[in-house]
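The values are calculated or read from the model by the stated rules, or taken from the named source; none is laboratory data. This one's a predicted model, so the numbers in the text were calculated from it and none came from an experiment. Quick reminder, even Gly has a Cβ in these numbers, built from the backbone with ideal geometry, and neighbours come from all protein chains shown. In case anyone asks, the SASA skips ligands and DNA or RNA and just uses the protein heavy atoms, side chains included. Shrake-Rupley method; radii C 1.70, N 1.55, O 1.52, S 1.80 Å.
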Amino acid sequence: MKSGFKQVLNSLFLNILVIEDNSAEVELIEELLSESPTIRVNVNHVERLSKAIELLAQKKFDAILLDLSLPDSQGLDTIARIKEYGIITPIVVLTARNDQELALQSIQAGAQDYLVKGNVSSELLIRSLRYAVERQLSLEALRLSEEKYRSVVNNIKEVIFQTDTKGNWIFLNPAWTEITGFSVGVSLGNHFLDYIYPEDRPRNLVVFRTLIERKKDDCRYQTRYLTNSGGLRWMEVQSRLTFTSDGAISGTTGTLNDITEQKLAQEALYQSEAREREKAQQLEIALRELQRTESKLIQNEKMVSLGQLVAGVAHEINNPVGFIYSNINPANEYALDLLDLITLYQQQYPHPSAEIQEIIKAIDLDFVKEDFPRLLASMREGANRIQEIVLSLQNFSHLDKAEMKEADLHKGLDSTLLILQHRLKQQSNRPAIQVIKNYGQLPPVECYPGQLNQVFMNILSNAIDALETMIQEEVSFSPQIRIRTQVNHCEKTVAIAIADNGPGIPPHIKKHLFDPFFTTKPVGRGSGLGLSISYSIIVEKHQGELECRSQIGKGTEFVIKLPILLG
Ligand SMILES: Nc1ncnc2c1ncn2[C@@H]1O[C@H](COP(=O)(O)OP(=O)(O)OP(=O)(O)O)[C@@H](O)[C@H]1O
Ligand SMILES: [Mg+2]
């Protein structure tokens, strides 16, 4: 447009339409216009407005020279009627009335200049026409540029906004209505925060203040806007300060980009990812559960057959031991009676026959008399011990597994130790494992005793295994197992701690201790089920806790905590 504007300014030719009913005036005008040495003016002339409008529709003129009193139109109305037809050709009024008010009204109605007949020189007329053309061209350029701007602003799919320094909307383009459903007219003047999702308001306020206080020049963030229908739209906001011509802050301006679809897609992706993750977790849990069930089955089988064997053996031994035990006392009495009788014989018949004397000597009667009671006493002790072992075996096997009962945990611990006795005592290649018991005053505990004995067995066997590896590495090592029990009356629990002074457990192994089938022992030695079974017996069956504390080089302690009453 700028180039067109220049072109007219420099051109030496103007094509004008004179609308004037007075032919003398027209002649005068033609004369004035022809006087210009620089510009050639082509004058077209009509007498009536109606004719002018017809002509203007057909031909293009650079300017109109208009008389306001025509046969078919008078005064300001004449300008208005030309404008009504959408004619944008610049108008210079040339009239007989020297009237300031009319001049002003003419300009307001759309004329470019107002000249009074008789006061017009050639130069003035030419200049007025030229300036009218120039102004019209620049107005046209401005109009086109505004139109372009408006079309961009109106058609862009982002919201373009402006606020004042308080945050009230002062401009919004039609995209605002398209996205939020709120009309621009109603929204202008309202505070922008009124349209933000309540949860996001504090953050928006902080961002707005940061801008207004000039802590930042611009900002970009995502937030949720409310819609007229009660919904939400996610917007990406880009905002920066605006300034007045003298540099003061006048408010903010920026864009709101609707990213709801993007957000929803992201959310859907996130949710499907989460679902997949959850599925994977569930699969893992199911797998672990399967392993646990499998391990339980194996261990149960193991323990049931061990329990049955132990119970069977105990039962078989019990009867013969009963005979021995019950006969020891009468046997002892008979023996003492017989010894007394022999003594009496010796007193009454101090000189027996040579044959008797020989036998007395051969059997070393004095020694037999002395040793026989000792022998019987040790037989009684042996029988006692066998009976104790049988009792322990029965206690350990507890074939009453399904039954919950009150039990003395110390008995369970002792019978387990007894069964493990052969592993604890001194062996050709190592010293005995010392067992230090520090038993508290435990009340009877409601439990499945057979199962708890399994747990003691597993933990004690592991401790023995660990100590044995230590002994192999360190000859002077003195292996120890410490068993501590105590009651906590406030918590209504009992605790059993079984500690060894073995090698300890490194953290990477410790985190797998209770996993089914986890073992560090050579193939064929460990199944890796002991602790996982113990865990499920203590935690699931008895609502207790099983914890492992271990320090490398110092040893390992397993602490079992059980409620006294099983709920
Ligand atoms: N007191 C301990 N000291 C050092 N390591 C231990 C101790 N107790 C358990 N562990 C470690 O924990 C692992 C798992 O023990 P768990 O009793 O579950 O299985 P296992 O003894 O290997 O085999 P299983 O008991 O089934 O015959 C053992 O292989 C061992 O590495
Ligand atoms: Mg084990």
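Structure shown: which of Lys492/Lys521; Lys521/Lys541; Lys296/Lys521 lie over 30 Å apart, alpha-carbon to alpha-carbon? Please list the in-between numbers first.
Numbers: Lys492/Lys521 37 Å; Lys521/Lys541 27 Å; Lys296/Lys521 20 Å.
Flagged as over cut-off: Lys492/Lys521.
Residues in the stretch 503-526, backbone N under 11 Å from the label point at Glu468 (7 Å along the Cα-to-beta-carbon vector): list them, ranges by number please. It comes to 522, 525-526, nothing else.
Please give the FRET efficiency for Asp21 paired with Asn154, using the beta carbon to beta carbon distance and R0 = 41 Å, rounded to the nearest 0.05. According to the calculation, E is roughly 0.35. Local charge for Tyr197 was computed over the other residues whose Cβ lies under 13 Å away, with Lys and Arg +1 and Asp and Glu -1, and equals +2.
Would you please give the FRET efficiency between Lys437 and His508, computed as 1/(1 + (r/R0)^6) with r the Cβ-Cβ distance and R0 = 25 Å, to the nearest 0.05? Present the calculation step by step, with values, prior to reporting the outcome.
Values: r = 33 Å, r/R0 = 1.30.
Efficiency for this residue pair is about 0.15.
Within the chain, DSSP assigns beta bridges of which about 70% are antiparallel (rounded to the nearest 5). Efficiency by 1/(1 + (r/R0)^6): what FRET value for Glu284 and Phe323, r their Cβ-Cβ distance, R0 = 60 Å, to the nearest 0.05? Working from the Cβ atoms, E equals 0.55. A simple spin-label model places the labels of Asn42 and Asp515 9.8 nm from each other, with each point 7 Å out along Cα-to-Cβ. Each label was represented as a point 7 Å from its Cα along the Cα-to-Cβ direction; for Val475 and Glu123 these points are 13.3 nm apart.
Over 21 Å apart at the Cα level, from the set Lys405/Lys561; Lys166/Lys215; Lys437/Lys511; Lys437/Lys554, are Lys437/Lys511. In this structure the amide hydrogen of Ser69, modeled in the peptide plane, comes within under 5 Å of the amide hydrogens of Gly75, none closer than 5 places in sequence on its chain.
222 nm [θ] for the chain, helices only, -39500 (n - 2.57) per DSSP H run of 4+, per residue, to 500? The partial results should precede the final answer.
On the way: 17 runs with 287 residues, N = 567.
It lands at -17000 deg cm²/dmol.
Normalised per residue, the accessible area of the chain is 58 Å², obtained with a 1.4 Å probe and no contribution from ligands, DNA or RNA.
Taking 0.36 nm per residue of separation and subtracting the Cα-Cα distance, full extension of the segment from Ala80 to Met379 would add 93.4 nm. Close amide-amide hydrogen proximity is noted between Gln427 and Ala432, each under 5 Å apart and 5 or more residues distant or on a separate chain (H modeled in the peptide plane; Pro and chain starts excluded). The distance separating the Cα centre of the stretch 123-188 from that of the stretch 241-301 comes to 43 Å. The label-point distance for His191 and Leu391, in a model that sets each label 7 Å from Cα toward Cβ, rounds to 8.6 nm. Measuring only protein heavy atoms, the 1.4 Å probe finds Asp67 accessible over about 10 Å². List the lysines whose Cα sits under 20 Å from the Cα of Lys263, skipping any in the same chain fewer than 8 residues away. Reachable lysines: Lys157.
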